[in-house]
Amino acid sequence: MKKTLALITSCMLLLLLAACGGDKEAAPTNGTGVTDTGVAPEAELVISGSNYQFDQPEYTLKKGVPVKITFKNEEGNHGVLIPVLNLQLDSKNNTAVVTPDKTGEFDISCSIMCGPGHTKMISKLIIEE
């Protein structure tokens, strides 16, 4: 009975470890600047986060222009969430290439609960025609 229980526990542990493994790279390139999705960025945006604020109150992009977005965590533990672009970046997954397809003003927020100022860690993304 003890051997069966040990075997079942070992199998469950192996399944758990297998499910948690593997880091993903966001849109890796092949040295040409073209990502695995086949899109070459025409612009670059760097968003930096420090304790309870992003480095700019607003960021501007052009609709239809592929952009490489990089998140830099300067101080504290932060991430960036941009729902309109279906994008979430953090220190492990810090770069992605996206093409905005809507115009308007949208929220950028911190995606990691970072402390008492977390709810105020918001910037604007303006996507122009």
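Any residue in region 82-101 that is under 12 Å from residue 53 (Cα atoms), basic (Lys, Arg) and surrounded by fewer than 20 Cβ atoms within 10 Å (Cβ to Cβ)?
First, the residues of region 82-101 that are under 12 Å from residue 53 (Cα atoms): none.
Checked region 82-101: no residue is under 12 Å from residue 53 (Cα atoms), basic (Lys, Arg) and surrounded by fewer than 20 Cβ atoms within 10 Å (Cβ to Cβ).
Looking at residue 64, is it over 16 Å from residue 45 (Cβ atoms) and surrounded by fewer than 19 Cβ atoms within 10 Å (Cβ to Cβ)?
Numbers: over 16 Å from residue 45 (Cβ atoms): no; surrounded by fewer than 19 Cβ atoms within 10 Å (Cβ to Cβ): yes.
The answer is no for residue 64.
Within region 83-90, can one find any residue that is within 28 Å of residue 128 (Cα to Cα), modelled with pLDDT of 90 or more, part of a helix (DSSP H, G or I) and of a type in the set (A, V, I, L, M, F, W, C)? If you could, list the steps in order and put the result at the bottom.
Here is the first cut: in region 83-90, the residues within 28 Å of residue 128 (Cα to Cα) are 83-90.
Subsequent filtering for residues that are modelled with pLDDT of 90 or more retains 83-90.
Next, only the ones that are part of a helix (DSSP H, G or I) stay: 83-85.
Checking which are of a type in the set (A, V, I, L, M, F, W, C) leaves us with 84-85.
Yes.
For region 20-58, what are the residues that are under 15 Å from residue 98 (Cβ atoms), modelled with pLDDT of 85 or more and not acidic (Asp, Glu)?
Of everything in region 20-58, those that are under 15 Å from residue 98 (Cβ atoms), modelled with pLDDT of 85 or more and not acidic (Asp, Glu) turn out to be 40, 41, 43, 45, 46, 47.
In region 83-129, what count of residues is obtained for those that are under 17 Å from residue 41 (Cα atoms) and among the small types (Gly, Ala, Ser)?
1
Does region 110-129 hold any residues that are crowded, with 18+ Cβ neighbours inside 10 Å and of a type in the set (S, T, N, Q), and which are they?
Correct list: 111, 123.
Can you tell me which residues in region 96-122 are part of a loop (DSSP other than H, G, I, E, B) and under 16 Å from the mean Cα position of the chain (by Cα)?
Step one: list which residues in region 96-122 are part of a loop (DSSP other than H, G, I, E, B), which gives 99-103, 110-117, 121.
The answer is 99, 100, 110, 111, 112, 113, 114, 121.
Limited to region 82-111, what total is found for residues that are β-branched (Val, Ile, Thr), closer than 16 Å to residue 68 by Cβ and without any contact (Cβ under 8 Å) to a residue 60 or more places away in the chain?
Qualifying residue count for the region: 2.
The values are calculated or read from the model by the stated rules, or taken from the named source; none is laboratory data. As the structure is a computational prediction, the values presented were derived from the model and not from experiment. Note that each Cβ is placed from the backbone with ideal geometry, even for glycine, and that neighbours are counted across all protein chains shown.
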